[in-house]
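Have a look at the structure below, then the notes.
Here, each number is a calculation from the coordinates, and none is a lab measurement. Note that this is a predicted model, so its numbers are computed, not measured. Glycine also receives a Cβ, built like all others from the backbone with ideal geometry; neighbour counts cover every protein chain displayed.
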Amino acid sequence: MRSRFVEENNPGSEMDALLLRSLQGYVRDTFGLSVWQAICRPGNLSVQTYEPMLRYDPGTADTVAQRAADVLGRQVETVWEDMGTYLVTNPGHEGVRRLLRFGGVSFADFLHSLEEMPGRARLALPDLDLPEITLNELGPDLFDIRCRSRVKGMTRVLVGMLTAMADDYGSLCLIESEEAESIRVRVMENSHGTARRFDLAMPDR
């Protein structure tokens, strides 16, 4: 079978590869290796290990996510959202959480920093093509977030990440995806629970 990584002239991106790797990690850590193998086995999914340094055919991430949804008996939107939460809460992805928490001391500060996130991420990964994010403040504690990406599920990934970050900050929020590229966030209570500890300095190993 042909491996589904792209040729040099194919516009696969680093973001596609990272999403595929994240899907792989989410399914294997949450449901086990056998479920991941069942997802990859049918059809044209000849690759079972996705590498972040390779480039894969555009649309592969959406295809794999849909196959995961079919095997798990879930909506594909739920798979993407759960993966977004996994990226923030899994101990193996502390770097993702730290990148996001540098956005501010409150959840509202963090939301205002979202437009700067692609630039901050590119300091570490210059070729990373994160989605375009715009924030509109519709009223006190009410925000509209637009997420534009070639990957259909990217908005849902961001919903999962925002949900996890609200918990991280101890905030009570209503987070809904109203359109394909739109997320509505209403902050109901800024200090609803205990925020997770966050230090600017990396903890000693």
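Loop-only chymotrypsin sites (Phe, Trp or Tyr not before Pro) in segment 66-115, please: DSSP not H, G, I, E or B, and at most 16 other Cβ atoms within 10 Å.
On the way: sites: TRP80, TYR86, PHE102, PHE107, PHE110; in loops: PHE102.
Of the chymotrypsin sites (Phe, Trp or Tyr not before Pro), the ones in loops of segment 66-115 whose Cβ has at most 16 other Cβ atoms within 10 Å are PHE102.
If r is the Cβ-Cβ distance from VAL105 to SER182 and R0 is 25 Å, what FRET efficiency results, to the nearest 0.05?
Values: r = 27 Å, r/R0 = 1.07.
FRET efficiency, VAL105 to SER182: 0.40.
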- Item | Karplus-derived 3J(HN,Hα), 6.51/-1.76/1.60, for each residue of segment 90-96, Hz, glycine and proline x | 5, x, x, 10, 4, x, 5
- Choose one of ILE175, VAL151, VAL185: the residue whose Cα lies farthest towards the positive end of the charge dipole of segment 141-191 (beta-carbon charges +1 Lys, Arg; -1 Asp, Glu; about the Cα centre). VAL151
- Message: I want to check the label-to-label distance for ARG28 and ASP144. Put each point 7 Å from Cα in the C-beta direction and report it in nm to one decimal.
- Response: 4.1
- Cβ-Cβ FRET estimate between ARG74 and MET53, R0 fixed at 30 Å, reported to 0.05: 0.50
- Query: Considering the dipole of segment 14-74 built from charges on the beta carbon (Lys and Arg +1, Asp and Glu -1) around the Cα centre, which of PRO52, ALA38, ALA65 is farthest to its positive end?
  - Reply: ALA38
- Query: Once you charge only the Cβ atoms, +1 for Lys and Arg and -1 for Asp and Glu, what is the size of the charge dipole of segment 14-74 about its Cα centre, to the nearest 20 debye?
  - Reply: 200
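What is the sum of charges, Lys and Arg at +1 and Asp and Glu at -1, for the other residues whose Cβ falls under 11 Å from the Cβ of LEU135? Walk me through the numbers before you get to the answer.
On the way: positive: ARG146; negative: GLU115, GLU116, GLU137, ASP144.
So the environment of LEU135 carries a net charge of -3.
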